[in-house]
Amino acid sequence: MNRLRTLLLVAFVAFGVKSAPAQTQVQTQPQTRRPPVEEPRKILLWENDAPGALGAEEADKPSITYFPPWGENPSGTAVIVAPGGSYTFLASNHEGRQVANWFNALGVAAFVLTYRLGPRYHHPIELGDAQRAIRLIRSRATEFHVSPDRIGIMGFSAGGHLASTAATRFDSGDPHAADPIDRVSNRPDFVILAYAVISMMPPYAHEGSVKALLGDNPDTQLRQMLSNELHVTAQTPPAFLFTTSDDDVVPAQNSVNFYLALRKAGVPAELHVFENGPHGVGLDLSDPAVGEWPKLLEEWLRGRGLLSPPKP
């Protein structure tokens with residue numbers, strides 16, 4: 001018995017000595033470290049009071065929240081994301097932060113827009129906030145590592161109305177403006193519209209958004225002025241749109257009519273109308289049908305060269 005114990009002890013010691021170098025080798029292998037991720041950063045659109053501000057509360061201070069991509073942004077592409085909410089609140093989680101993170105995974109810089117809302121604010125305040133966001137990012141393109149000619153805007157629901165308004169009403173900037181941000185263009189280079197409110201005219205208007213944006217009982221002329229399918233020109237930027245036939249909040253005709261107007265004006269556009277899916281789906285990656293829209297959008301961006309480094 002003693003001899004057996006001795007043999008076992010020798011075997012154990014020999015095994016331990018033999019295996020020690022391998023353990024040391026594993027512990028001393030160099031570790032690959034990923035670069036640190038920059039935290040989202042909130043940036044006021046105006047350092048001082050915003051034009052038309054009715055107070056000094058958070059609701060009176062429009063801003064963008066910058067979500068940088070992990071690592072570099074070789075494409076130089078940036079997207080401003082305007083959440084929906086009937087112009088009365090902002091669905092900033094599933095139509096804001098989540099979407100920004102999805103763009104970051106593509107290597108695209110994202111900026112979630114916090115714009116002023118009704119019934120406290122009416123048009124043109126909301127449009128002014130969106131236009132300022134475009135100008136600010138373009139004027140600080142070097143800081144954000146983006147190309148000034150690759151700045152798009154995406155909007156969901158009422159945010160889609162704001163995005164389509166920015167895509168049909170823009171200017172090249174005022175070269176004599178005291179504020180250098182106002183000297184650059186506020187035209188988006190592309191627009192992405194998700195189950196968007198576009199028309200302010202019956203029978204397809206979303207009346208909750210109409211009231212919040214235009215006030216009680218707006219006249220026909222004002223409704224027509226903000227029905228963006230009526231204001232598409234050849235200078236309107238290329239567009240990607242998706243909606244669903246099931247949407248009983250914002251009828252699919254909003255997106256269809258805007259697409260037809262783009263086509264008539266010769267503007268490159270792509271439209272997807274899914275058979276099923278409620279209003280406000282967000283990314284909805286779990287849905288086997290409408291959940292395909294992010295992949296379709298990725299391919300549209302890739303096809304337009306917006307995910308590749310810009311050519312010299």
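Out of ASP149, ASP246, ASP219, which single residue is in contact (Cβ under 8 Å) with a residue 40 or more places away in the chain and either under 21 Å from the mean Cα position of the chain (by Cα) or surrounded by fewer than 24 Cβ atoms within 10 Å (Cβ to Cβ) (or both)?
ASP149
Check whether at least one residue in the stretch 62-74 is of a type in the set (S, T, N, Q) and modelled with pLDDT under 95, and report yes or no.
yes
Residues of the stretch 130-146 being closer than 15 Å to VAL184 by Cα, assigned to a helix (DSSP H, G or I) and more than 14 Å from the chain's Cα centre (by Cα), which ones?
If the condition is that a residue be closer than 15 Å to VAL184 by Cα, assigned to a helix (DSSP H, G or I) and more than 14 Å from the chain's Cα centre (by Cα), then GLN131, ARG132, ARG135, LEU136, ARG138, SER139, ALA141, THR142 are the ones that fit.
Among the residues of the stretch 75-104 satisfying the criterion of being modelled with pLDDT of 95 or more and over 12 Å from the mean Cα position of the chain (by Cα), which is farthest from ILE198 (Cα to Cα)?
Across the stretch 75-104, the extreme among qualifying residues is GLY76.
I want to confirm something. Restricting to the stretch 284-312 and keeping residues that are modelled with pLDDT under 95 and in contact with a Phe, Trp or Tyr (Cβ under 6 Å, 6 or more places away or on another chain), which single residue is surrounded by the fewest Cβ atoms within 10 Å (Cβ to Cβ)?
Among those residues, the one meeting the criterion is ALA289.
Anything in the stretch 157-171 that is of a type in the set (S, T, N, Q) and under 21 Å from PRO268 (Cα atoms)? List them, or say none.
Matches in the stretch 157-171: SER164, THR165, THR168.
Determine which member of the set ALA265, ALA269 is under 24 Å from MET201 (Cα atoms), out of contact with any Asp or Glu (no Cβ under 7 Å at 6 or more places or on another chain), exposed (fewer than 14 other Cβ atoms within 10 Å of the Cβ) and in contact (Cβ under 8 Å) with a residue 12 or more places away in the chain.
Answer to the selection: ALA265.
Residue check: is ALA289 out of contact with any helix residue (DSSP H, G or I) (no Cβ under 9 Å at 6 or more places or on another chain) and either of a type in the set (D, E, K, R) or under 26 Å from GLN98 (Cβ atoms) (or both)?
Taking the combined requirement at face value, the residue satisfies it.
Please state which of the following conditions GLU299 fails to meet, knowing it meets all the rest: (1) closer than 29 Å to SER172 by Cα; (2) assigned to a helix (DSSP H, G or I).
Exception for GLU299: condition (1).
Condition check: part of a helix (DSSP H, G or I), out of contact with any strand residue (DSSP E or B) (no Cβ under 7 Å at 6 or more places or on another chain) and of a type in the set (Gly, Ala, Ser). Does ALA261 satisfy that?
yes
In the set GLY71, GLY107, GLY85, GLY76, which member is on the phi > 0 side of the Ramachandran plot and in contact with a helix residue (DSSP H, G or I) (Cβ under 7 Å, 6 or more places away or on another chain)?
The unique qualifying residue is GLY85.
PRO251: outside any helix (DSSP H, G or I) and either open to solvent by less than 40 Å² (accessible area, probe 1.4 Å) or among the β-branched types (Val, Ile, Thr) (or both), yes or no?
Yes; evaluated as a whole, the condition is true for this residue.
Only one residue in GLY84, GLY96, GLY155 is in a loop (DSSP other than H, G, I, E, B), buried (at least 24 other Cβ atoms within 10 Å of the Cβ) and touching a strand residue (DSSP E or B) at 6+ places or on another chain (Cβ under 6 Å). Which one?
None of the others qualify; the one that does is GLY84.
Mind checking which residues of the stretch 47-65 are within 23 Å of ASN104 (Cβ to Cβ) and open to solvent by 10 Å² or more (accessible area, probe 1.4 Å)?
The answer is THR65, and nothing else.
What is the residue count in the stretch 222-239 for residues that are touching a Phe, Trp or Tyr at 6+ places or on another chain (Cβ under 8 Å) and crowded, with 23+ Cβ neighbours inside 10 Å?
Within the stretch 222-239, residues that are touching a Phe, Trp or Tyr at 6+ places or on another chain (Cβ under 8 Å) and crowded, with 23+ Cβ neighbours inside 10 Å number 3.
The values are calculated or read from the model by the stated rules, or taken from the named source; none is laboratory data. These numbers were taken from a predicted model, which means no experiment stands behind them. Don't worry about glycine lacking a Cβ; one is built from the backbone with ideal geometry, like all the others, and counts go over all protein chains shown. Only protein heavy atoms, including side chains, enter the accessible area calculation; ligands, DNA and RNA are left aside. Shrake-Rupley method; radii C 1.70, N 1.55, O 1.52, S 1.80 Å.
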